[in-house]
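One structure is given here, and the rest of the page talks about it.
The values are calculated or read from the model by the stated rules, or taken from the named source; none is laboratory data. Everything numeric here is computed off the predicted structure, so don't read it as measured data. Every residue, glycine as well, gets a Cβ built from its backbone with ideal geometry; the counts of neighbours run over all protein chains shown. Ligands, DNA and RNA are excluded from the accessible area calculation, which covers all protein heavy atoms including side chains. Shrake-Rupley method; radii C 1.70, N 1.55, O 1.52, S 1.80 Å.
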Amino acid sequence: FVMFKMFGKKMFAYHLLSLILHSLNVVLFYKLLNRFSFKWSAFAVLLFMLHPMNVQNVSWMIQLKSLLSLTWVFMCLHFYFKRTEHKKYILLSCIMFLLMLLTKSFLIHLPFFLFLYEFYRSNNFKRSLLRVLPLVVISLVYIPFFIGGHHNQARIEAASVTQLKTIVHTAAKAK
C-alpha cells in the first residue's frame, strides 16, 4: 500500500527498489559470512546473488516482501552479533526482528536457532537463553497475531471458494 502510494504504477521504480534491496542483501550476507570466517564466502555470496530463486525474487514485484524481510533478517543478525560492542545493538536487533515479522513472518523461529548457536558456543543454558531472551519475547508476543492472521486468511480463502462455487452454480443454472 505504501509503495503503491509512493510509486503508483511505475514498474521501473519497483524493479529498481528490488535491485537495491537485493544488492543490500548480498552485502549483508557477505558481512555475515565473513564474521564467521567462512572459507567459501565469496562463492556462497556469488551463488546467493545469482541463484534463480533470488532472481525471481528480484524480478517479480510481488516478491518485494521476501527481499525486504530478508534484509531485516540480515540486519537483525548483523546487530545481534555486534551486541557485545554496545547495548544499542540489542535494541536495533529487536527492531529489525520485529520489522521482519511484520513484513513476512517466515523466520519467527530465529530466536531458537540463535539460542542453539549461543548454547553451542557457551555450553551454558541460562546464559544462552538470556542472550536471546528479547527476541524470544518478541516471538512469543507475535505468535497470537501470526496464528490469528493465518486463521483469518484461511477463513477469507474459504469464503472466496464458497463465493466462487455460488457464482459458478448460479451461472450454470442460468444456462
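A few remarks follow.
- Linear extension gain, Phe112 paired with Ser23, 0.36 nm per residue minus alpha-carbon span: 29.3 nm
- Per-peptide average of other Cβ atoms within 10 Å, ordering 122-135, 91-104 highest first: 91-104, 122-135
- Full-stretch length increase - Met61, Lys31 - with 0.36 nm per residue and alpha-carbon distance subtracted: 8.2 nm
- When all protein chains stay in place and ligands, DNA and RNA are ignored, the 1.4 Å accessible-area order of Tyr142, Tyr30, Tyr14, largest first, is Tyr30, Tyr142, Tyr14.
- Accessible heavy-atom area order of Trp40, Trp72, Trp60, highest first, probe of 1.4 Å: Trp40, Trp60, Trp72
- Stretch gain in nm, segment Ser122-Phe38, where the contour uses 0.36 nm per residue and the Cα spacing is subtracted: 28.2 nm
- Label positions at Leu99 and Phe7, each projected 7 Å from the Cα along the C-beta direction, are separated by 1.7 nm.
- Pairs over the 26 Å Cα-Cα cut-off, from the set Lys9/Lys65; Lys39/Lys87; Lys39/Lys126: Lys39/Lys87; Lys39/Lys126.
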